[in-house]
Amino acid sequence: MATFLYKLGRFAFRRRHFVALIWVALLTLAGVGAASAPAAGSSSFSIPGVEAQKAFDLLEQRFPGSSADGATARVVFKAPDGEKMTDAANRATVDKTVKELGDGSEVVSVTDPFKTDAVSKDGTVAYASVSYDVPGQELKDASRDNLEATADKAQDAGLTVEMGGDALQAQPEQAATGEIIGLALAAVVLVITLGSLVAAGLPLLTAIIGVGIGVSTITALANALDLGDSTSTLALMIGLAVGIDYALFIVSRYRSELAEGRDREEAVGRAVGTAGSAVVFAGLTVVIALSGLAVVGVPMLTKMGLAAAGTVVISVLIALTLIPALLGYAGRKVRPTGEKGKRLGRRKAAASSASSASSASSEAKPNMGTRWARLVVRRPLAVLLLGVVGLGAMALPASQLELGLPDDGSQATSTTQRRAYDLLSEGFGPGFNGPLMLVVDAKDSADPKAAATAVTDEVKGLKDVVSVTPATFNKAGDTAMITVIPNSKPSSTQTEDLVHAIRDAGVGVKADTDAKVLVTGTTAMNIDFSQKLTDALIPYLGLVVGLAFLLLILVFRSILVPLKAALGFLLSVLAALGAVVAVFQWGWLASLLGVEETGPIMSMMPIFMVGVVFGLAMDYEVFLVTRMREAYVHGESPSQAIVTGFRYSARVVAAAAVIMIAVFSGFIGSSESMIKMIGFGLAIAVFFDAFVVRMAIVPAVLALLGKKAWWLPKWLDRALPNVDVEGEGLRTAADAESKDGDEDRELVRV
């Protein structure tokens, strides 16, 4: 592996014009494809296998033309203080509003609150429901504008008018504020780390090119493959993260090789052969983590994971080829590491690399990473206990984790959706915002109406049920819809218990009437989705960690080092989940972070965090520990190898982690609770994993294990292929390359 990449790096350095042209051509091709591709519609959301999805599919079949997947809007009216909605003036305003709401080519129906019992018992709140024949994100701007303008007219007439529903969910604007802030902070950190504007600019440039190709390709294929906006968002986030990281590690290793007295072409080859090998295996772990989302069984998550994994592959290829090419263009503007490196860089390339490294280590002043590593090596048990106990304490709240999906009740109080949600809760009870839809499949029943009546009567007797509407049958008379209003809000555990209770009751009804009872609706779909993700979390962890464990055995040729890496990752993820629960579910520091509403954690958060953070965690593990492994293989003692690894890699790993924390933290300021939660969770997870696990627990464990850390059974050592991540074979390759180096350079000149 190292020898192949060494040759690839030198080839890219020498043929820099050819390599750069290829990547520019790919970026142009992807851009043209994205610009000429048809606009993507609303991506379909389905959860195969769950009851709510089966009921939804049955409705599509038995109630044709009902636009079951069409957008809906609720226009909520509240009378002025001291008045009722039934007062003549207020009623006239509502009647006029209902009529105007129906004026639209995409409107299927509008309900009149005075004809559908949609007025609260105290008469102060009423609502009208508007149904459309297209999903929310396919709704024309004209329909949305008509909805808002009509509501404004009613507001001007003296009523309080708010709106909710998915009809208001316009195509999200791709605001790049978070990405811009992240890139700006990344640039600052890179300049501090690499000490050069040119060197700092290379990782940013290549990361942007990689993300540009990846996101443009996703945009070009979005309509054909039914990809949603969240797909490109995840690819953008991951692509920036790994693109900067991978380029940073290769550029940093290149500067170190220059500092040891090698010429620029040789330094590029060795940087790609060593750090590039780590990039390949780190990229593979990220690809495994993202592709593993397919085990969840949700098509949307599968597409998101595969698209992001494709962007990671592009980032790896760019780091291995375009970075060497750009280093060739940069020439002497990318200097060796430190002032000592400058002096060493002037020495003749014929000087022994081992001699140069020894001179550098003996004369150079110990950096912060070296001093920290020596402290850990001296007190490994204390550092290990402090790190494990600290993260363990942070993980305790995770035992109370409750999962759910955000609704209008989790929106900011400044939004009309949240105000409409609160008005409906005030007028009709908290459960009104999360009605359950029962589908009674009585096709095999001798008396469908009796079956529907039996279902209605049984559900009315259940706990936490406020009301049950009469059954509505399809034209064939073999399928009925029944709406159930719970007593609790949609995201509560009481509503979840009610869904399970209705399903249990449905089993009994089926036995008596030969009818099948299914529960669906947004609330039931959210509950089923959360349960499906919860059930998939352990298999997903097993698959991802297991495959990565095997991959890391190849990299480190050790059993205990990969095991330690996996256990450390689990500890950091649990601690991060504990922090998320404490803030977003319990309300700790909620006001400081701008969290307006606490409640269940978004159901996608744990599995999403596992996938993203696992990839980044293994990046840091590979980059930090491979340098230790390299030093150990080259003859250093286990303790000294730890110090050497930190001397050369700690600063770069810390910089990469700080960049990722800055990028993710930029999303904490979002008004969307889901985005805020993801930003906080990923930022705190990277902090725990990079600075507590990789920088403290990992060297402590390695110091305690000593030579045992690098133990591998002889039979397994013989069976495994030698991938040579440490670059042991580069000396032979360098000798071979040097013989024809002059000839290759002459060809380049020609």
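Does any residue of the range 265-285 turn out to be within 24 Å of Asp535 (Cα to Cα), at pLDDT 85 or above and either surrounded by 24 or more Cβ atoms within 10 Å (Cβ to Cβ) or in the same structural domain as Tyr246 (by TED's automatic domain parsing) (or both)?
No, that holds for no residue.
May I ask you to say which residue of Leu317, Leu301, Leu344 is assigned by TED's automatic domain parsing to the domain that holds Ser232 and at pLDDT 85 or above?
Leu317
Taking the range 513-569 only, how many residues are basic (Lys, Arg) and under 22 Å from Lys708 (Cβ atoms)?
Total satisfying the criteria: 2.
Pick from Gly49, Gly104, Gly82: which is part of a loop (DSSP other than H, G, I, E, B), out of contact with any Ser or Thr (no Cβ under 8 Å at 6 or more places or on another chain), without any contact (Cβ under 8 Å) to a residue 60 or more places away in the chain and of a type in the set (Gly, Ala, Ser)?
None of the other options fit; the residue is Gly82.
Determine whether the range 59-75 contains at least one residue that is more than 43 Å from the chain's Cα centre (by Cα), loosely packed, with under 15 Cβ neighbours inside 10 Å and not β-branched (Val, Ile, Thr).
no
Scan the range 519-543 for residues that are part of a helix (DSSP H, G or I) and of a type in the set (A, V, I, L, M) and jot them down.
The answer is Ala524, Met525, Ile527, Leu533, Ala536, Leu537, Ile538, Leu541, Leu543.
Would you call Ala505 in a helix (DSSP H, G or I), of a type outside the set (Val, Ile, Thr) and farther than 26 Å from Phe529 by Cβ? Walk me through it before giving the result.
Values: in a helix (DSSP H, G or I): yes; of a type outside the set (Val, Ile, Thr): yes; farther than 26 Å from Phe529 by Cβ: no.
Here the answer is no, as Ala505 does not meet what is asked.
Please verify whether Ser445 is crowded, with 17+ Cβ neighbours inside 10 Å, in a loop (DSSP other than H, G, I, E, B) and in contact with an Asp or Glu (Cβ under 6 Å, 6 or more places away or on another chain), treating the condition exactly as stated.
Details: crowded, with 17+ Cβ neighbours inside 10 Å: yes; in a loop (DSSP other than H, G, I, E, B): yes; in contact with an Asp or Glu (Cβ under 6 Å, 6 or more places away or on another chain): yes.
Taking the combined requirement at face value, the residue satisfies it.
Within the range 664-678, identify whether any single residue is at pLDDT below 85 and either of a type in the set (D, E, K, R) or closer than 25 Å to Leu560 by Cβ (or both), and answer yes or no.
Yes: the range 664-678 contains one or more residues that are at pLDDT below 85 and either of a type in the set (D, E, K, R) or closer than 25 Å to Leu560 by Cβ (or both).
Working carefully through the options Ile250, Ile244, Ile213, Ile238, find the one that is of a type in the set (A, V, I, L, M, F, W, C), within 16 Å of the chain's Cα centre (by Cα) and either buried (at least 24 other Cβ atoms within 10 Å of the Cβ) or over 28 Å from Thr28 (Cβ atoms) (or both).
Ile238
Give the number of residues within the range 116-130 that are at pLDDT 85 or above, surrounded by fewer than 19 Cβ atoms within 10 Å (Cβ to Cβ) and closer than 22 Å to Ala167 by Cβ.
Matching residues across the range 116-130 total 1.
Give all pairs with beta carbons closer than 9 Å in which a residue from the range 672-697 that is under 20 Å from Gly409 (Cβ atoms) meets a residue that is acidic (Asp, Glu); count only pairs at least 6 apart in sequence or on separate chains.
From residues that are under 20 Å from Gly409 (Cβ atoms), the pairs are Ser673/Glu596; Ser673/Glu597.
Of Gly599, Gly594, which residue is assigned by TED's automatic domain parsing to the domain that holds Ser673, at pLDDT below 80 and within 22 Å of Asp535 (Cβ to Cβ)?
The match here is Gly599.
From the list Asp103, Asp112, exactly one residue is assigned by TED's automatic domain parsing to the domain that holds Ala128, at pLDDT below 85 and over 28 Å from Ala224 (Cα atoms). Which is it?
Values: Asp112 fails: at pLDDT below 85.
The unique qualifying residue is Asp103.
Going by what's in this entry, would Asp689 be described as at pLDDT 90 or above, assigned to a helix (DSSP H, G or I) and outside the structural domain of Leu284 (by TED's automatic domain parsing)?
Yes; evaluated as a whole, the condition is true for this residue.
Looking at the range 411-442 only, could you name the residues that are hydrophobic (A, V, I, L, M, F, W, C), in contact with a helix residue (DSSP H, G or I) (Cβ under 7 Å, 6 or more places away or on another chain) and in a strand (DSSP E or B)?
Leu436, Leu438, Val439, Val440
The values are calculated or read from the model by the stated rules, or taken from the named source; none is laboratory data. Since the model is a prediction, treat every value here as computed from it, not as a measurement. Counting neighbours? That spans all protein chains shown, and the Cβs are built from the backbone with ideal geometry, glycine included.
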